[in-house]
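Below is one structure, written out as structure tokens; comments come after it.
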Amino acid sequence: MKSARLNRLFGVSGNCFDVAIDHGMFNERTFLAGIEDMRTAIKVIADAAPDAIQLPPGTAPILQAIPGKHRPALVLRTDIANIYGNPLPSALFSEIIDRGVEQAIALDAACVVVNLLMLPNQPEVYRACVRNVNSLKRECEIYGMPLMVEPLVMQDNSKGAYMVDGAIDKILPLVRQAAELGADIIKADPCDDVQDYHRVIEIAQGLPVLVRGGGRVSDQEILTRTKQLMEQGARGIVYGRNVIQHNNPAGMTRALMAIVHEEASVEDASRHLA
């Protein structure tokens, strides 16, 4: 059944665009822009027909209630962390939901996703994430559920809440660890120099690598970066804020789908935003 679920997740091109609308899981006010009304946000994105939508268990039923055969596949978020605010809480955690794979099956998900966080001077959060991945892995094997692991290297929170650290030498070992822990799919950040991303693809040992979008940037930057990442060997993208906070989220979805699946140029993709 794992291969059947992967077939639902990846398009006929062999690539995948997963729109992340799971930001409400992390209890951070700034993450809620554009998704205050989840029913509207999910409907707008679903109508634009990406391959998948990434949601927590509480709002996943909104997607799965859409009638018909052609709604996007569900990627179920299975963990919660309190690491994104500034100042930080006195105690940090990363926890997985109860019986996450069983919940994914009940919700007819095509995949589950979990973080593997590397934060400066926070070894206990990292340790908790390793435990989370290990816990999910065996359940995923038993039930035939694909496991997406999200290895995220973060900068020091004192710079103004945790931000992506694009240092390739930090990204590579964490991506490799995600592969060695048993990920079926890797969701990784772009590196500082996009032209080095083939090294991330190589270190993942043949697993499909989907690139995380991160914070909001201009249309030109996100489309150009996506084109370059696909040319470096990425098998797709997982973008959230650059879609759901856009003034035309449906158009941005279609523009990115054109790059991911049709090898469209940035100029051609941009026409979907007109």
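The values are calculated or read from the model by the stated rules, or taken from the named source; none is laboratory data. In this text, all values refer to a predicted model and were calculated from it rather than measured experimentally. Note: ideal-geometry Cβ built from the backbone for every residue, glycine included; neighbour counts use all protein chains shown. What goes into the accessible areas is simple: the full protein's heavy atoms, side chains included, and nothing from ligands, DNA or RNA. Shrake-Rupley method; radii C 1.70, N 1.55, O 1.52, S 1.80 Å.
Structural remarks
- Charge dipole (Cα centre; +1 on Lys/Arg Cβ, -1 on Asp/Glu Cβ; no other charges) of the chain amounts to roughly 500 debye.
- Among the helices of the chain, those built from whole DSSP H runs whose Cα atoms reach 24 Å or more along their own axis and whose mean Kyte-Doolittle hydropathy is at least -1.0 are 123-143.
- For the range 126-230, applying the loop criterion from DSSP together with a ceiling of 12 other beta carbons within 10 Å to the GluC sites (Glu not before Pro) yields no site.
- One entry in [x] 130; [y] 119; [z] 155 is volume of the Cα convex hull per residue in Å³ calculated from the shown coordinates; its label is [y].
- Scalar couplings 3J(HN,Hα) for the range 58-71, obtained by applying the Karplus form with A = 6.51, B = -1.76, C = 1.60 to θ = phi - 60°, are x, 10, 4, x, 5, 5, 6, 7, 5, x, x, 8, 10, 5 Hz; x denotes Gly and Pro.
- Packing-based ranking, highest mean first, of 88-96, 11-19, 184-192 given that Cβ atoms within 10 Å are counted: 184-192, 11-19, 88-96
- Using the rule -39500 (n - 2.57) for each DSSP H run of four or more residues, divided by the residues of the chain, the 222 nm mean residue ellipticity is -11500 deg cm²/dmol.
- Antiparallel %, DSSP beta bridges [both residues in the chain], to 5: 10 percent
- The residues of the chain have, on average, 43 Å² of accessible surface per residue, using a 1.4 Å probe with all protein chains present.
- Surface share of carbon and sulfur [accessible, 1.4 angstrom probe, percent] for the range 2-271: 49 percent
- Note on the range 102-162 and the range 189-242: Cα centroid distance 19 Å, given to the nearest whole angstrom.
- Relative contact order (%) - the chain, alpha-carbon pairs under 8 angstrom, separation at least six: 18 percent
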